Amino acid sequence: MGNKIDWVRAYNRLFEIIDTSGPTYHSGSGFISRVREVDPYFPSYSQYMESRKQSGKSTSRRDFYYDIFLELSEELRIQLLHRIIDDVEPHATDKAQALRALLGGLVLGPTAEVSVDAWNAERLNRILRDIDDSIATNKFDRAVSLSYSCLEGYYKSFVRRRIPAAAGLSEVVALSREIKKFLATEYKDYPDEVFNMVSHVSHAVDRARNQLSESHFEGEAARWLAVYVRDLVNTQIRLLLHFHSD
């Protein structure tokens, strides 16, 4: 990343805010829940604390928050800080703005919101055109981010319509697990391999989004990844549209 951040100072400012009683306070489990918003595979609170105890590490909030903070990639640290700042700013304006200024102008990678309203092939085509435009202008990170958001938005729509009991889920892999289970139960005439692809594609798109945001790919590799993810999402949603309204 271009600008250098004093991460120790950033953490100390962050902890001052989230250690204060009131609406900005983050308990241990609450902080880890925020971490899992940017890193869904991070251990749960109970898993993480048990691991620290077994390793003889401090379980004080200041210490384990700091360790978690440094374990995250720089990109994910920035995402975490922005999420928390956005939430606490109305309640600790000056301190939140000071922390935001410490980021030195660094911002989140491109993101995109795709609603869970009515879906059809034409709507998918419109989003695919936006993804193609991003690829054509070498905005590969935006293309992958939009592909992920497209898949996430469609999954939420599918779950709300066909699996309302799982409507509270919000992460692509968790949503795909419920969709695969539903399809395998409702449509037994289809080969298992067809529905297994729901999980495989979801994991691939999720992983690609995380890998690209951490700058593991660039140039032609990034272009190839963006095109591949776009095509995976296109195929996945067109398959599921077939079962959307049964």
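The values are calculated or read from the model by the stated rules, or taken from the named source; none is laboratory data. What you are looking at is a predicted structure, and each value in this text was computed from that prediction instead of being measured. Quick reminder, even Gly has a Cβ in these numbers, built from the backbone with ideal geometry, and neighbours come from all protein chains shown.
For the stretch 1-27, what are the residues that are farther than 17 Å from D87 by Cα and either at pLDDT 95 or above or not small (G, A, S) (or both)? Before the answer, list the steps.
Kept after step one, since they are farther than 17 Å from D87 by Cα, are these residues of the stretch 1-27: 1-9, 12.
Once the filter is applied, which keeps residues that are farther than 17 Å from D87 by Cα and either at pLDDT 95 or above or not small (G, A, S) (or both), the stretch 1-27 yields M1, N3, K4, I5, D6, W7, V8, R9, N12.
In this structure, does A112 turn out to be at pLDDT below 80, over 30 Å from I18 (Cβ atoms) and of a type in the set (A, V, I, L, M)? Talk me through it step by step, then tell me what you get.
Details: at pLDDT below 80: yes; over 30 Å from I18 (Cβ atoms): no; of a type in the set (A, V, I, L, M): yes.
No, not satisfied.
Does S202 satisfy being of a type outside the set (K, R), out of contact with any helix residue (DSSP H, G or I) (no Cβ under 8 Å at 6 or more places or on another chain), surrounded by 15 or more Cβ atoms within 10 Å (Cβ to Cβ) and within 19 Å of W119 (Cβ to Cβ)?
Criteria not met by S202.
With the structure loaded, tell me whether S199 is of a type outside the set (D, E) and within 25 Å of R126 (Cβ to Cβ) or whether it fails that test.
no
Is there a residue being touching a Pro at 6+ places or on another chain (Cβ under 9 Å) and closer than 17 Å to V233 by Cα anywhere in the stretch 146-164?
yes
Among the residues of the stretch 65-80, is there at least one that is exposed (fewer than 12 other Cβ atoms within 10 Å of the Cβ) and at pLDDT 85 or above?
Going through the stretch 65-80, the residues exposed (fewer than 12 other Cβ atoms within 10 Å of the Cβ) turn out to be 70.
Going one step further and asking which of them are at pLDDT 85 or above, we end up with 70.
Yes; the residues of the stretch 65-80 include at least one that is exposed (fewer than 12 other Cβ atoms within 10 Å of the Cβ) and at pLDDT 85 or above.
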